[in-house]
1. Consider D132 against the criteria (1) farther than 19 Å from L92 by Cα; (2) touching an Asp or Glu at 6+ places or on another chain (Cβ under 6 Å): it satisfies all of them except one. Which criterion is unmet?
2. For region 188-221, what are the residues that are assigned to a strand (DSSP E or B) and of a type in the set (F, W, Y)?
3. Filter region 23-51 for residues that are among the aliphatic types (A, V, I, L, M) and within 12 Å of the ligand (Cβ to nearest atom); which is farthest from L128 (Cα to Cα)?
4. Six or more apart or on different chains, Cβ under 7 Å: which pairs go from a residue in region 21-40 that's assigned to a loop (DSSP other than H, G, I, E, B) to one that's of a type in the set (D, E) and more than 6 Å from the ligand (Cβ to nearest atom)? Could you list them?
5. Scan M188, M192 and give me the residue that is aliphatic (A, V, I, L, M), in contact with a Ser or Thr (Cβ under 6 Å, 6 or more places away or on another chain) and within 15 Å of the ligand (Cβ to nearest atom).
6. Considering only residues that are among the β-branched types (V, I, T) and either under 18 Å from the mean Cα position of the chain (by Cα) or within 22 Å of A46 (Cα to Cα) (or both), which ones fall in region 61-90?
7. May I ask you to list the residues in region 125-164 that are at pLDDT below 90 and more than 16 Å from the ligand (Cβ to nearest atom)?
8. With (1) under 20 Å from F87 (Cβ atoms); (2) at pLDDT 90 or above as the list, and P245 as the residue in question, which single condition is left unmet?
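The values are calculated or read from the model by the stated rules, or taken from the named source; none is laboratory data. The model shown is predicted, which means the values in this text are computed figures rather than measured ones. Here Cβ is always computed from backbone atoms with ideal geometry, including for glycine, and neighbour counts include all displayed protein chains.
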Amino acid sequence: AEGVSEVRVAMMADKVKRPIIAVGSGKGGVGKSTLTANLAVSLARAGYKVGVVDADIYGPSQPTLLDPSGQKPKARDKQLIAVDSEFGVKLLSTGHMIEPGKAIAWRGPMTGGALTQMMEADWGDTELLLIDLPPGTGDIQLTMIQKFKPDGAVVVSTPQDLSLIDAARAMDLFRQAHVPIIGLVENMAGYMCPHCGEISDPFGTGGAQAAAGQLEETFLGRIPLAMEIRVSSDTGQPLAAGDTPQGQAFAGIARKVSD
Ligand code: ADP
């Protein structure tokens, strides 16, 4: 696995290109956006200047996750200027480009155009961009890979078989495009009952870790299914901003990503 530190050294040698890490998943709803936001906050707390591009056109959730006050990006000479979130993370989202509550029925060229506008925005002194990709292996992923060449990819999956099959497909896309895969994260692994503390495994557990082993990819860590993660996401208070066990789990994954 290739980490941010190495990419950062490469960036200093070549001042132009800022490292790009894509966060992908085979399916929607597995926690890719939640992970991206929490990784960004963890990396910012670790001293990196981080930006997040929310390219998930089907459900742009980074403004909710990272910027509950709902700032709108400004533009200068038609170049967008990334918004500063409360967590020291800069942000641009496809959600910034549509009206709230409006359906997104963009065609390929438009989504590619939106991605390009965000990627080529004014990111100030941002050292590292995390890209929250839509689920699957569609147009945006191809534009991302072909035009912006991510320096690494993190793939998220739940422990379920079906989700893992899709995650393997997402990884295959990166591999074919020679995007180094930093590793696989297992989300929603084990549910802790808030009342009795018993841990149950609604989606099984260990599946992503086993799959990472089979696919010879790095396993980056496991995040439990926890009410506080859902609540913190909905209220724009990423757990990585605090020091709860869940917040530390995200920070641990961020350390592996940046090593
Ligand atoms: P994706 O980006 O893969 O579509 P999201 O990050 O939007 O997924 O997560 C989908 C939903 O699941 C959100 O409501 C989110 O708050 C919730 N969620 C994600 N991860 C967890 C978790 N570990 N525990 C509880 N809820 C989670």
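1. (1)
2. The answer is Y191, F219.
3. Checking each candidate, the answer is V30.
4. From residues that are assigned to a loop (DSSP other than H, G, I, E, B), the pairs are G26/D166; K27/D166.
5. M188
6. Answer for region 61-90, where residues must be among the β-branched types (V, I, T) and either under 18 Å from the mean Cα position of the chain (by Cα) or within 22 Å of A46 (Cα to Cα) (or both): T64, V83, V89.
7. Within region 125-164, D139, D161 meet the criteria.
8. Condition (2) is where P245 drops out.
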